[in-house]
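Read through the structure below, which is laid out as structure tokens, and then see the notes.
No value in this document is a laboratory result; all are computed from the given coordinates. Keep in mind the model is a prediction, meaning the values are calculated, not measured. Cβ: placed from backbone, ideal geometry, glycine included. Neighbour counts: every protein chain shown.
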Amino acid sequence: MIKLLDNYMRIGYGYDVHRLIKGRPLILGGVKIPFDKGLLGHSDADVLTHAICDALLGASALGDIGQHFPDTDPAYKNIISTTILEQTYQLISSQGYEIINIDATIIAEAPKISPYRESMREILSDILFISLNQINIKATTTEGLGYLGKGEGIAATCVVLLSKTLQ
Ligand code: MG
């Protein structure tokens, strides 16, 4: 563990994929995006928010989103993923962790993410009590390759850096 002054830092990584289907709303980073399909899941299937939660849980060695919010539990059916993020934030902050920065990528052939990127950063930074310059959201395609390129789903990855002040 690298110690920097009275703090140490922890990195975390998150990855998630959900299938795109007709008849569901598309929610990414807490933003409802007009599109003819949405992501399928037990919750609202907000794949970006799930990847961020997993990165936060990973950095703090608290397992993963499936352990804390099991998709077999009716309590989490149709849960809004920003609520999962709020609860994840409470878990990590109760352990004394603070977020240094978040860097996430959405991998989707369509729709175009850039018009919604700033809204996502605003919503997520508010939930996590960080400033806008602590959260970056990128978007890419797979140039038509594979299941993501065919538009069968959307994926997201995320890395986070946390700091913990030593007592
Ligand atoms: Mg998920």
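Here are some notes:
- Single residue of ILE21, ILE65, ILE33, ILE79 found to be of a type in the set (A, V, I, L, M) and under 30 Å from LEU166 (Cα atoms): ILE65
Residue by residue, here is whether (1) more than 14 Å from VAL17 (Cα to Cα); (2) of a type in the set (Phe, Trp, Tyr); (3) out of contact with any Gly (no Cβ under 6 Å at 6 or more places or on another chain) holds:
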site	(1), (2), (3)
TYR97	yes, yes, yes
ASN101	yes, no, yes
GLU122	yes, no, yes
SER125	yes, no, yes
LEU132	yes, no, yes
GLU143	yes, no, yes
GLY151	no, no, yes
ALA155	no, no, yes
CYS158	no, no, no
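- For region 7-20, the condition of being over 18 Å from TYR147 (Cβ atoms), part of a loop (DSSP other than H, G, I, E, B) and either away from the ligand (no atom under 14 Å from the Cβ) or not β-branched (Val, Ile, Thr) (or both) holds for none of the residues.
- Of the residues in region 64-86, none is within 15 Å of the chain's Cα centre (by Cα), hydroxyl-bearing (Ser, Thr, Tyr) and farther than 25 Å from LYS22 by Cα.
- The set of residues in region 32-53 that are farther than 17 Å from TYR116 by Cα, more than 8 Å from the ligand (Cβ to nearest atom) and of a type outside the set (A, V, I, L, M, F, W, C) comprises HIS42, ASP44.
- VAL159 meets the conditions (1) in contact with an Asp or Glu (Cβ under 7 Å, 6 or more places away or on another chain); (2) closer than 20 Å to ASP36 by Cα in every case but one. The failed one is (2).
- Failed item, numbered, when SER94 is tested on (1) without any contact (Cβ under 8 Å) to a residue 24 or more places away in the chain; (2) within 13 Å of the ligand (Cβ to nearest atom): (2)
- GLY58 vs. criteria within 11 Å of the ligand (Cβ to nearest atom) and within 15 Å of ASP16 (Cβ to Cβ): no
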